[in-house]
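Asks: Below you'll find the structure I mean.
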Amino acid sequence: MVNAVTKIDQIETMILDIPTIRGHVLSMATMRVQTAVLVRMRFSDGSEGIGEGTTIGGLTYGPESPESIQSAIDTYITPALLGRSADDVNGALQLVDHLVKGNRIAKAAVEIALWDGLGKRLGVSVAQLFGGAVHSRLPVAWTLASGNSETDIAEAQEMIAARRHNIFKLKIGKRAVAEDVAHVARIKAAVGDAASIRVDVNQAWSLQDARWGLRGLQDVGCELVEQPVRARYLNALRELTRAHEIAVMADEALNGPEDAVSIVARGAADVFAVKVAQSGGIKRASEVVAIGQAAGLGLYAGTMLETGLGTAAALQLFAGIEDLRWGSELFGPLLLTEDILATPIVYRDFTVEVPQGAGLGVSLDPDKIDFFRRDRARSLKT
Ligand code: MUC
Ligand code: MG
(Lines give C-alpha, C1' and ligand atoms only; values in the text may rest on other atoms or scores of the structure.)
(Ligands and ions follow the chains in the order given, each with its own letter.)
Protein backbone atom coordinates (compact mmCIF):
# COMPACT_ATOMS: atom_id res chain seq x y z
CA MET A 1 0.00 0.00 0.00
CA VAL A 2 1.29 3.46 -0.86
CA ASN A 3 1.16 5.91 2.04
CA ALA A 4 -0.75 9.01 1.00
CA VAL A 5 1.13 12.29 1.57
CA THR A 6 -0.51 14.44 4.23
CA LYS A 7 -1.56 17.74 2.68
CA ILE A 8 -2.36 21.21 3.95
CA ASP A 9 -6.17 21.39 3.56
CA GLN A 10 -7.23 24.59 5.25
CA ILE A 11 -5.67 27.68 6.88
CA GLU A 12 -8.00 29.78 9.00
CA THR A 13 -6.99 33.13 10.54
CA MET A 14 -8.70 35.01 13.33
CA ILE A 15 -8.11 38.27 15.17
CA LEU A 16 -8.62 38.29 18.95
CA ASP A 17 -8.90 41.46 21.05
CA ILE A 18 -8.04 40.68 24.67
CA PRO A 19 -7.96 43.40 27.38
CA THR A 20 -4.73 43.90 29.37
CA ILE A 21 -4.78 43.78 33.19
CA ARG A 22 -3.70 47.47 33.32
CA GLY A 23 -2.65 50.16 30.90
CA HIS A 24 0.77 49.18 29.49
CA VAL A 25 2.53 52.49 28.85
CA LEU A 26 5.21 52.33 26.15
CA SER A 27 7.06 55.28 24.59
CA MET A 28 4.91 55.08 21.46
CA ALA A 29 1.53 53.78 22.67
CA THR A 30 -0.50 52.81 25.72
CA MET A 31 -1.96 49.34 25.40
CA ARG A 32 -5.29 48.55 27.05
CA VAL A 33 -6.03 45.68 24.70
CA GLN A 34 -3.69 43.22 23.01
CA THR A 35 -4.68 42.09 19.54
CA ALA A 36 -3.48 38.62 18.58
CA VAL A 37 -3.68 36.97 15.17
CA LEU A 38 -4.13 33.20 15.37
CA VAL A 39 -3.80 30.59 12.65
CA ARG A 40 -5.51 27.21 12.67
CA MET A 41 -4.28 24.79 10.01
CA ARG A 42 -6.12 21.61 9.10
CA PHE A 43 -4.34 18.72 7.39
CA SER A 44 -5.69 15.92 5.20
CA ASP A 45 -5.08 13.19 7.83
CA GLY A 46 -7.31 15.05 10.32
CA SER A 47 -4.41 16.55 12.30
CA GLU A 48 -4.24 20.27 13.11
CA GLY A 49 -1.60 22.89 13.83
CA ILE A 50 -1.98 26.26 15.55
CA GLY A 51 0.15 29.40 15.35
CA GLU A 52 0.21 33.05 16.39
CA GLY A 53 1.54 36.24 14.80
CA THR A 54 1.11 39.21 17.07
CA THR A 55 2.43 42.76 17.14
CA ILE A 56 2.20 45.60 19.66
CA GLY A 57 0.25 48.86 19.56
CA GLY A 58 -1.23 48.65 16.07
CA LEU A 59 1.28 50.19 13.67
CA THR A 60 3.14 52.20 16.33
CA TYR A 61 5.74 49.48 17.00
CA GLY A 62 6.58 48.20 13.54
CA PRO A 63 5.48 47.90 9.93
CA GLU A 64 2.92 45.07 10.39
CA SER A 65 -0.53 45.53 11.95
CA PRO A 66 -2.91 42.76 13.07
CA GLU A 67 -5.03 43.47 10.00
CA SER A 68 -2.03 43.36 7.61
CA ILE A 69 -0.87 40.09 9.19
CA GLN A 70 -4.28 38.53 8.60
CA SER A 71 -4.55 39.87 5.07
CA ALA A 72 -1.00 38.78 4.08
CA ILE A 73 -1.84 35.26 5.21
CA ASP A 74 -5.33 35.05 3.69
CA THR A 75 -4.49 36.74 0.39
CA TYR A 76 -0.94 35.63 -0.39
CA ILE A 77 0.37 32.87 1.87
CA THR A 78 -2.64 30.53 2.13
CA PRO A 79 -3.26 30.18 -1.62
CA ALA A 80 0.41 29.22 -2.10
CA LEU A 81 0.36 26.56 0.61
CA LEU A 82 -3.01 24.80 0.17
CA GLY A 83 -2.54 21.31 -1.24
CA ARG A 84 1.20 21.19 -0.44
CA SER A 85 2.77 18.47 1.71
CA ALA A 86 2.13 19.21 5.38
CA ASP A 87 5.48 17.73 6.46
CA ASP A 88 7.62 19.80 4.09
CA VAL A 89 8.07 22.79 6.38
CA ASN A 90 11.35 23.96 4.82
CA GLY A 91 9.82 23.78 1.34
CA ALA A 92 6.86 25.88 2.51
CA LEU A 93 9.17 28.48 4.10
CA GLN A 94 11.26 28.78 0.94
CA LEU A 95 8.18 29.17 -1.24
CA VAL A 96 6.65 31.80 1.05
CA ASP A 97 9.96 33.74 1.24
CA HIS A 98 10.03 33.73 -2.56
CA LEU A 99 6.43 34.93 -2.94
CA VAL A 100 6.14 37.33 0.00
CA LYS A 101 8.75 39.93 0.95
CA GLY A 102 8.86 41.21 4.51
CA ASN A 103 5.68 40.42 6.50
CA ARG A 104 7.72 38.41 8.96
CA ILE A 105 5.06 38.22 11.64
CA ALA A 106 2.53 36.81 9.16
CA LYS A 107 5.09 34.23 8.05
CA ALA A 108 5.84 33.33 11.66
CA ALA A 109 2.16 32.65 12.45
CA VAL A 110 1.92 30.17 9.57
CA GLU A 111 5.31 28.58 10.22
CA ILE A 112 4.51 27.97 13.89
CA ALA A 113 1.29 26.14 12.88
CA LEU A 114 3.31 23.97 10.45
CA TRP A 115 5.80 22.95 13.17
CA ASP A 116 2.97 22.32 15.63
CA GLY A 117 1.20 20.06 13.13
CA LEU A 118 4.40 18.18 12.27
CA GLY A 119 5.29 17.66 15.94
CA LYS A 120 1.78 16.39 16.71
CA ARG A 121 1.83 13.94 13.80
CA LEU A 122 5.23 12.61 14.89
CA GLY A 123 4.34 12.64 18.59
CA VAL A 124 7.30 14.88 19.51
CA SER A 125 7.61 18.43 20.79
CA VAL A 126 8.73 21.29 18.56
CA ALA A 127 11.79 21.56 20.83
CA GLN A 128 12.62 17.97 19.80
CA LEU A 129 12.19 18.86 16.12
CA PHE A 130 14.89 21.49 16.71
CA GLY A 131 17.27 19.02 18.36
CA GLY A 132 15.89 18.68 21.88
CA ALA A 133 15.31 20.78 25.00
CA VAL A 134 18.20 21.45 27.37
CA HIS A 135 16.01 23.47 29.80
CA SER A 136 12.59 22.68 31.26
CA ARG A 137 12.16 26.26 32.56
CA LEU A 138 13.60 29.68 31.82
CA PRO A 139 14.16 32.81 33.95
CA VAL A 140 11.35 35.25 33.15
CA ALA A 141 11.25 39.05 33.42
CA TRP A 142 8.19 41.25 33.97
CA THR A 143 7.67 44.68 32.44
CA LEU A 144 6.88 47.60 34.76
CA ALA A 145 4.92 50.04 32.60
CA SER A 146 2.04 51.47 34.61
CA GLY A 147 3.27 54.99 33.87
CA ASN A 148 3.74 55.74 37.59
CA SER A 149 6.85 55.09 39.73
CA GLU A 150 4.96 54.28 42.96
CA THR A 151 2.64 51.81 41.21
CA ASP A 152 5.64 50.20 39.51
CA ILE A 153 7.48 49.84 42.84
CA ALA A 154 4.44 48.22 44.48
CA GLU A 155 4.07 45.89 41.49
CA ALA A 156 7.77 44.92 41.60
CA GLN A 157 7.65 44.25 45.33
CA GLU A 158 4.56 42.07 44.93
CA MET A 159 6.22 40.06 42.16
CA ILE A 160 9.40 39.52 44.20
CA ALA A 161 7.41 38.48 47.29
CA ALA A 162 5.35 36.02 45.21
CA ARG A 163 8.61 34.67 43.69
CA ARG A 164 7.16 35.32 40.22
CA HIS A 165 9.76 37.73 38.81
CA ASN A 166 13.07 39.25 39.94
CA ILE A 167 14.05 40.71 36.58
CA PHE A 168 12.22 43.90 35.61
CA LYS A 169 12.16 45.75 32.34
CA LEU A 170 11.01 49.36 32.68
CA LYS A 171 9.40 51.05 29.71
CA ILE A 172 10.80 54.55 29.34
CA GLY A 173 11.28 57.16 26.59
CA LYS A 174 8.01 59.06 26.93
CA ARG A 175 9.25 61.66 29.41
CA ALA A 176 12.37 63.87 29.49
CA VAL A 177 15.57 61.81 29.85
CA ALA A 178 16.38 63.17 33.33
CA GLU A 179 12.85 62.29 34.55
CA ASP A 180 13.18 58.78 33.14
CA VAL A 181 16.55 58.28 34.83
CA ALA A 182 15.06 59.50 38.14
CA HIS A 183 12.17 57.02 37.69
CA VAL A 184 14.61 54.14 37.11
CA ALA A 185 16.72 55.25 40.10
CA ARG A 186 13.64 55.22 42.40
CA ILE A 187 12.72 51.69 41.35
CA LYS A 188 16.29 50.39 41.61
CA ALA A 189 16.66 51.96 45.08
CA ALA A 190 13.39 50.33 46.18
CA VAL A 191 14.27 46.79 45.03
CA GLY A 192 18.04 46.92 45.66
CA ASP A 193 19.90 43.69 44.96
CA ALA A 194 16.67 41.65 45.01
CA ALA A 195 16.13 42.31 41.29
CA SER A 196 17.82 43.11 38.00
CA ILE A 197 16.62 46.38 36.43
CA ARG A 198 16.67 46.97 32.68
CA VAL A 199 14.94 49.49 30.41
CA ASP A 200 13.38 49.56 26.97
CA VAL A 201 13.23 52.93 25.18
CA ASN A 202 11.46 51.59 22.06
CA GLN A 203 13.53 53.88 19.75
CA ALA A 204 12.37 57.12 21.42
CA TRP A 205 15.73 58.84 22.02
CA SER A 206 17.94 60.90 19.73
CA LEU A 207 21.63 60.00 19.88
CA GLN A 208 22.18 63.10 22.04
CA ASP A 209 19.45 62.01 24.50
CA ALA A 210 20.87 58.51 24.53
CA ARG A 211 24.40 59.69 25.39
CA TRP A 212 23.05 61.35 28.56
CA GLY A 213 20.53 58.61 29.16
CA LEU A 214 22.98 55.71 29.11
CA ARG A 215 25.40 57.49 31.40
CA GLY A 216 22.59 58.23 33.88
CA LEU A 217 21.12 54.73 33.70
CA GLN A 218 24.51 53.14 34.24
CA ASP A 219 25.13 55.33 37.29
CA VAL A 220 21.86 54.28 38.95
CA GLY A 221 22.52 50.55 38.54
CA CYS A 222 20.49 49.72 35.45
CA GLU A 223 22.06 46.71 33.68
CA LEU A 224 20.79 46.94 30.14
CA VAL A 225 19.17 49.36 27.72
CA GLU A 226 17.03 48.07 24.86
CA GLN A 227 16.68 49.87 21.54
CA PRO A 228 17.51 53.40 22.78
CA VAL A 229 17.49 54.95 19.28
CA ARG A 230 15.76 54.31 15.96
CA ALA A 231 16.19 50.83 14.51
CA ARG A 232 17.99 52.11 11.43
CA TYR A 233 20.61 54.10 13.34
CA LEU A 234 23.19 51.34 13.56
CA ASN A 235 26.07 53.84 13.78
CA ALA A 236 24.43 55.42 16.82
CA LEU A 237 23.88 51.98 18.37
CA ARG A 238 27.53 51.17 17.74
CA GLU A 239 28.71 54.38 19.39
CA LEU A 240 26.53 53.71 22.47
CA THR A 241 27.62 50.07 22.65
CA ARG A 242 31.27 51.12 22.63
CA ALA A 243 31.01 54.15 24.91
CA HIS A 244 29.28 52.58 27.93
CA GLU A 245 29.58 49.48 30.08
CA ILE A 246 25.78 49.13 30.36
CA ALA A 247 24.66 46.45 27.88
CA VAL A 248 22.95 47.68 24.71
CA MET A 249 20.30 45.35 23.30
CA ALA A 250 18.91 45.38 19.75
CA ASP A 251 15.17 44.77 19.42
CA GLU A 252 13.38 46.69 16.64
CA ALA A 253 16.69 46.68 14.71
CA LEU A 254 16.66 42.88 14.64
CA ASN A 255 14.24 41.52 12.04
CA GLY A 256 15.66 38.16 11.06
CA PRO A 257 19.10 36.74 10.24
CA GLU A 258 20.08 39.43 7.70
CA ASP A 259 19.70 42.15 10.36
CA ALA A 260 21.63 39.96 12.80
CA VAL A 261 24.56 39.89 10.37
CA SER A 262 24.46 43.69 9.90
CA ILE A 263 24.39 44.34 13.65
CA VAL A 264 27.30 41.98 14.26
CA ALA A 265 29.28 43.47 11.37
CA ARG A 266 28.80 47.00 12.77
CA GLY A 267 29.34 46.04 16.42
CA ALA A 268 25.98 47.72 17.07
CA ALA A 269 24.81 45.72 20.14
CA ASP A 270 25.97 43.62 23.08
CA VAL A 271 22.76 41.58 23.25
CA PHE A 272 20.12 40.29 20.81
CA ALA A 273 16.44 40.37 21.86
CA VAL A 274 15.44 37.37 19.79
CA LYS A 275 11.75 37.36 18.91
CA VAL A 276 10.12 34.51 17.01
CA ALA A 277 7.51 36.80 15.39
CA GLN A 278 9.92 39.55 14.39
CA SER A 279 12.43 37.02 13.05
CA GLY A 280 9.86 35.43 10.71
CA GLY A 281 9.29 32.23 12.67
CA ILE A 282 10.99 29.66 14.88
CA LYS A 283 13.49 28.58 12.22
CA ARG A 284 14.58 32.13 11.32
CA ALA A 285 14.80 32.97 15.03
CA SER A 286 17.08 29.95 15.50
CA GLU A 287 19.30 31.41 12.75
CA VAL A 288 19.39 34.76 14.58
CA VAL A 289 20.40 32.85 17.72
CA ALA A 290 23.19 31.08 15.82
CA ILE A 291 24.59 34.37 14.47
CA GLY A 292 24.48 35.95 17.93
CA GLN A 293 26.17 32.93 19.49
CA ALA A 294 28.89 32.82 16.85
CA ALA A 295 29.61 36.53 17.43
CA GLY A 296 29.79 36.08 21.22
CA LEU A 297 26.75 38.30 21.89
CA GLY A 298 24.39 37.85 24.83
CA LEU A 299 20.97 36.38 24.07
CA TYR A 300 17.55 37.26 25.45
CA ALA A 301 14.24 35.60 24.60
CA GLY A 302 11.99 38.53 23.66
CA THR A 303 8.22 38.78 23.33
CA MET A 304 5.61 40.59 21.28
CA LEU A 305 3.30 40.16 24.27
CA GLU A 306 1.76 37.12 22.66
CA THR A 307 -0.94 34.93 24.19
CA GLY A 308 0.04 31.55 25.62
CA LEU A 309 0.15 30.17 22.08
CA GLY A 310 2.92 32.42 20.72
CA THR A 311 4.63 32.20 24.11
CA ALA A 312 4.68 28.40 23.86
CA ALA A 313 6.26 28.62 20.40
CA ALA A 314 9.08 30.77 21.79
CA LEU A 315 9.52 28.44 24.77
CA GLN A 316 9.92 25.47 22.43
CA LEU A 317 12.79 27.25 20.67
CA PHE A 318 14.56 28.74 23.68
CA ALA A 319 14.33 25.48 25.65
CA GLY A 320 17.04 24.25 23.28
CA ILE A 321 19.41 27.24 23.65
CA GLU A 322 22.03 26.51 26.25
CA ASP A 323 23.31 29.96 27.13
CA LEU A 324 20.41 32.39 27.39
CA ARG A 325 22.57 34.83 29.33
CA TRP A 326 19.89 37.53 29.78
CA GLY A 327 16.94 35.18 30.36
CA SER A 328 13.50 35.72 28.87
CA GLU A 329 10.51 38.05 28.98
CA LEU A 330 8.02 35.39 27.92
CA PHE A 331 5.29 36.68 30.24
CA GLY A 332 2.71 37.72 27.61
CA PRO A 333 -0.24 35.67 28.94
CA LEU A 334 0.16 37.28 32.39
CA LEU A 335 -0.51 40.75 30.96
CA LEU A 336 -3.88 39.62 29.59
CA THR A 337 -7.10 39.47 31.60
CA GLU A 338 -7.74 35.94 30.29
CA ASP A 339 -5.61 33.09 29.05
CA ILE A 340 -6.81 31.47 25.83
CA LEU A 341 -5.11 28.10 26.47
CA ALA A 342 -6.96 25.06 27.78
CA THR A 343 -4.11 24.62 30.29
CA PRO A 344 -2.23 27.84 31.08
CA ILE A 345 1.56 28.07 30.99
CA VAL A 346 3.04 27.78 34.51
CA TYR A 347 5.01 30.65 36.09
CA ARG A 348 6.74 29.99 39.40
CA ASP A 349 10.03 30.44 41.26
CA PHE A 350 11.02 33.30 38.93
CA THR A 351 10.76 31.02 35.92
CA VAL A 352 8.39 30.02 33.14
CA GLU A 353 7.96 26.32 32.43
CA VAL A 354 8.32 24.89 28.94
CA PRO A 355 5.01 23.17 28.03
CA GLN A 356 5.39 19.41 27.63
CA GLY A 357 3.72 17.24 25.00
CA ALA A 358 3.59 16.96 21.23
CA GLY A 359 3.95 20.01 18.99
CA LEU A 360 3.84 23.25 20.97
CA GLY A 361 2.50 21.33 23.97
CA VAL A 362 -0.58 23.57 24.25
CA SER A 363 -4.18 23.64 23.02
CA LEU A 364 -6.75 26.44 22.77
CA ASP A 365 -9.83 26.92 24.94
CA PRO A 366 -12.62 27.10 22.32
CA ASP A 367 -14.97 29.20 24.49
CA LYS A 368 -12.29 31.83 25.06
CA ILE A 369 -11.48 31.94 21.36
CA ASP A 370 -15.17 32.45 20.50
CA PHE A 371 -15.46 35.15 23.14
CA PHE A 372 -12.47 37.25 22.02
CA ARG A 373 -12.75 36.82 18.24
CA ARG A 374 -13.20 40.19 16.60
CA ASP A 375 -15.53 38.83 13.89
CA ARG A 376 -17.82 37.19 16.46
CA ALA A 377 -17.85 40.33 18.61
CA ARG A 378 -18.98 42.36 15.58
CA SER A 379 -21.75 39.96 14.64
CA LEU A 380 -23.08 40.07 18.23
CA LYS A 381 -23.25 43.86 18.09
CA THR A 382 -25.18 43.99 14.81
C1 MUC B 1 9.29 45.36 23.31
O2 MUC B 1 9.56 46.36 22.71
O3 MUC B 1 10.20 44.66 23.70
C4 MUC B 1 8.13 43.33 25.33
C5 MUC B 1 7.80 43.39 26.63
C6 MUC B 1 6.96 44.47 26.81
O7 MUC B 1 6.46 44.87 27.84
O8 MUC B 1 6.75 45.09 25.65
C9 MUC B 1 7.39 44.34 24.66
C10 MUC B 1 7.85 45.02 23.49
MG1 MG C 1 11.73 46.08 23.00
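Asks: What do you reckon, is ALA314 within 16 Å of ligand 2 (Cβ to nearest atom) and either crowded, with 24+ Cβ neighbours inside 10 Å or modelled with pLDDT of 95 or more (or both)?
Replies: yes
Asks: Please enumerate the residues belonging to the stretch 54-88 that are assigned to a helix (DSSP H, G or I), surrounded by fewer than 19 Cβ atoms within 10 Å (Cβ to Cβ) and not acidic (Asp, Glu).
Replies: Result: SER68, SER71, THR75, TYR76, THR78, PRO79, ALA80.
Asks: So, in the stretch 211-255, exactly how many residues are small (Gly, Ala, Ser), within 16 Å of ligand 1 (Cβ to nearest atom) and surrounded by 20 or more Cβ atoms within 10 Å (Cβ to Cβ)?
Replies: Looking only at that region, the number is 3.
Asks: Any residue at all in the stretch 26-33 that's under 27 Å from THR78 (Cα atoms) and free of Cβ contacts under 8 Å to residues at least 60 places away in the same chain?
Replies: The answer is no, given that none of the residues of the stretch 26-33 is under 27 Å from THR78 (Cα atoms) and free of Cβ contacts under 8 Å to residues at least 60 places away in the same chain.
Asks: If you don't mind, there's one more thing I want to ask. Please identify the pairs in which a residue from the stretch 85-99 that is in the same structural domain as GLY49 (by TED's automatic domain parsing) has its Cβ atom under 6 Å from the Cβ atom of a residue that is of a type in the set (Phe, Trp, Tyr), counting only partners at least 6 apart or on another chain.
Replies: ALA86/PHE43
Asks: Looking at SER262, is it hydroxyl-bearing (Ser, Thr, Tyr) and within 16 Å of ligand 1 (Cβ to nearest atom)?
Replies: no
Asks: Let me ask you something else. For VAL225, indicate whether it is within 12 Å of ligand 2 (Cβ to nearest atom), within 17 Å of ASP200 (Cβ to Cβ) and assigned by TED's automatic domain parsing to the domain that holds SER206.
Replies: Judged against the criteria, VAL225 is a match.
Asks: Please specify each residue of the stretch 1-57 satisfying the condition of being under 17 Å from LYS107 (Cβ atoms) and under 17 Å from the mean Cα position of the chain (by Cα).
Replies: Hits for the stretch 1-57 are ALA36, VAL37, LEU38, VAL39, ILE50, GLY51, GLU52, GLY53, THR54, THR55.
Asks: Looking only at residues in the stretch 271-288 that are within 16 Å of ligand 2 (Cβ to nearest atom) and more than 12 Å from the chain's Cα centre (by Cα), which one is nearest to ALA108 (Cα to Cα)?
Replies: Out of the qualifying residues, it is VAL288.
For (1) closer than 21 Å to VAL354 by Cβ; (2) surrounded by 20 or more Cβ atoms within 10 Å (Cβ to Cβ); (3) of a type outside the set (Ser, Thr, Tyr), each residue gets a yes or a no:
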site	(1), (2), (3)
ALA265	no, no, yes
PHE272	yes, yes, yes
GLN293	yes, no, yes
ALA301	yes, yes, yes
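Asks: Could you tell me whether any residue of the stretch 21-32 is within 16 Å of ligand 2 (Cβ to nearest atom), hydroxyl-bearing (Ser, Thr, Tyr) and outside any strand (DSSP E or B)?
Replies: So far as the stretch 21-32 goes, yes, one or more of its residues are within 16 Å of ligand 2 (Cβ to nearest atom), hydroxyl-bearing (Ser, Thr, Tyr) and outside any strand (DSSP E or B).
Asks: A further question on this structure: Go through the stretch 266-303 and report how many residues are among the β-branched types (Val, Ile, Thr), within 16 Å of ligand 1 (Cβ to nearest atom) and farther than 13 Å from ALA253 by Cα.
Replies: So the answer is 2.
Asks: Also: With the structure loaded, tell me whether GLU306 is in contact (Cβ under 8 Å) with a residue 40 or more places away in the chain, in a loop (DSSP other than H, G, I, E, B), within 16 Å of ligand 2 (Cβ to nearest atom) and surrounded by 24 or more Cβ atoms within 10 Å (Cβ to Cβ) or whether it fails that test.
Replies: In short, yes.
The values are calculated or read from the model by the stated rules, or taken from the named source; none is laboratory data. For clarity, every value in this text was computed on a predicted model and none was experimentally measured. No Cβ is skipped: glycine too gets one built from the backbone with ideal geometry, and neighbour counts run over all protein chains shown.
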